[in-house]
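K.L.:
One structure follows; several queries about it will come next.
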Amino acid sequence: MTLSEWAALHRDEIVAEEANRATIALLLPLVAREIADAASVLSDDGRLEHAFAACLAAARAALAACGYRLRTSAHHYLAIESLQYTIGLGEGDVRQLQTYRRMRARAMYDQVGAASREDAQAALEAAKAVAERLTTWLVQEHPDLSPK
C-alpha cells in the first residue's frame with residue numbers, strides 16, 4: 001500500500017496540504033528535545049513518555065514532508081502507523097512503537113510504574129533510531145525540506 005492509498009483510507013483524520021519546510025523546521029528540534037528529555041528524566045514512565053513524544057513529532061514531520069497532516073493530535077495510533085508509509089519503518093518496528101504508545105497511555109492515565117526500566121530504555125533507543133532514519137530520509141527523499 002502506498003502513502004496516498006493509506007491516507008485515502010483515513011481521509012477523515014488526515015488532511016493533504018502542501019509540504020512546508022517551516023513546519024518541519026519546528027518539529028525536528030522537538031524530536032531532539034524529547035530525546036534529550038527522555039535521556040535525562042528520572043522515572044521510567046517519564047522516559048517512555050518523552051521517547052514516545054519524540055516518535056510522534058518525527059511522524060508528524062515525515063507526514064508534513066509528504067504533504068499531509070493529522071487533523072488532531074489525538075490520533076497517535078495513525079501518526080505511528082504512518083511511519084511505515086513515509087520513512088519506510090518496518091512493520092515490526094511500528095508494532096513495537098504501538099506497544100510503547102499503549103504503555104505510555106497506561107503510565108499517563110492509569111498506573112504509575114507501567115513502564116519498566118528496560119521498556120523505557122528500549123523506547124528511548126527506538127526514538128533515537130526513528131529520529132536518525134527521519135533525518136536520513138529527509139536528506140535523500142526531500143532535500144529541499146531538510147534542515148540546512
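K.L.:
Going through the stretch 113-145 one residue at a time, which ones are in a helix (DSSP H, G or I) and touching a Lys or Arg at 6+ places or on another chain (Cβ under 8 Å)?
P.N.:
A120, Q121, A123, L124
K.L.:
Go through the stretch 106-124 and give me each residue that's surrounded by 11 or more Cβ atoms within 10 Å (Cβ to Cβ) and either under 15 Å from the mean Cα position of the chain (by Cα) or closer than 25 Å to H75 by Cβ (or both).
P.N.:
Passing the criteria: R106, A107, M108, Q111, A114, A115, D119, A120, A122, A123, L124.
K.L.:
Let me ask something else about it. Has the stretch 37-50 got any residue that is among the hydrophobic types (A, V, I, L, M, F, W, C) and within 26 Å of P143 (Cβ to Cβ)?
P.N.:
Scanning the stretch 37-50 turns up no residue that is among the hydrophobic types (A, V, I, L, M, F, W, C) and within 26 Å of P143 (Cβ to Cβ).
K.L.:
In the stretch 96-105, is there at least one residue being among the hydrophobic types (A, V, I, L, M, F, W, C), within 22 Å of A25 (Cβ to Cβ) and surrounded by 14 or more Cβ atoms within 10 Å (Cβ to Cβ)?
P.N.:
No, the conditions are met nowhere in the stretch 96-105.
K.L.:
Output yes when any residue across the stretch 86-96 is touching a residue at least 12 places away in the same chain (Cβ under 8 Å) and under 18 Å from I14 (Cα atoms), and no when none is.
P.N.:
yes
Since every read-out is calculated from the coordinates, none of them should be taken as a lab result. Since the model is a prediction, treat every value here as computed from it, not as a measurement. Because the Cβ atoms are built from the backbone with ideal geometry, glycine has one as well, and the counts that use them run over all protein chains shown.
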